[in-house]
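Let me begin by presenting the structure, written as structure tokens, before commenting on it.
The values are calculated or read from the model by the stated rules, or taken from the named source; none is laboratory data. Model, not experiment: these values are computed from the prediction. Positions of Cβ are generated from backbone atoms using ideal geometry, with glycine treated the same way; all protein chains shown enter the neighbour counts.
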Amino acid sequence: MEKEGPDVGLLFVMILGFLLGMVLISCEEKKEPEIVIELSKDSKNSTSNVDEYAYQGCEYIVVGPINRRWGSHKGNCKNPIHKK
């Protein structure tokens, strides 16, 4: 017994491939651009709520208002121990 009508096998494969491609494209991670915010002495309001300290040869920065201050070791500390 022979089939009557057009052969839809190729069309089915094309549609299936298109849909699979759309799913793969939509599943890719969309990376948002990284925003780098730098605080320097030249920045607007740089002296407000920002202090730098030296303690035992290392440099530290403290940021924030008095009731919510936080601090960290400076990434550009000039202590030679960090040059290793």
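Within the range 46-65, can one find any residue that is surrounded by 10 or more Cβ atoms within 10 Å (Cβ to Cβ), under 25 Å from the mean Cα position of the chain (by Cα), modelled with pLDDT under 65 and not in a helix (DSSP H, G or I)?
Yes, there is a match, as at least one residue in the range 46-65 is surrounded by 10 or more Cβ atoms within 10 Å (Cβ to Cβ), under 25 Å from the mean Cα position of the chain (by Cα), modelled with pLDDT under 65 and not in a helix (DSSP H, G or I).
Here are the criteria: (1) surrounded by fewer than 10 Cβ atoms within 10 Å (Cβ to Cβ); (2) at pLDDT 70 or above. Tell me which single one Glu29 does not satisfy.
(2)
If I ask for residues that are within 12 Å of Val50 (Cβ to Cβ) and surrounded by 10 or more Cβ atoms within 10 Å (Cβ to Cβ), which ones from the range 68-84 would you list?
Arg69, Gly71, Lys74, listed by residue number.
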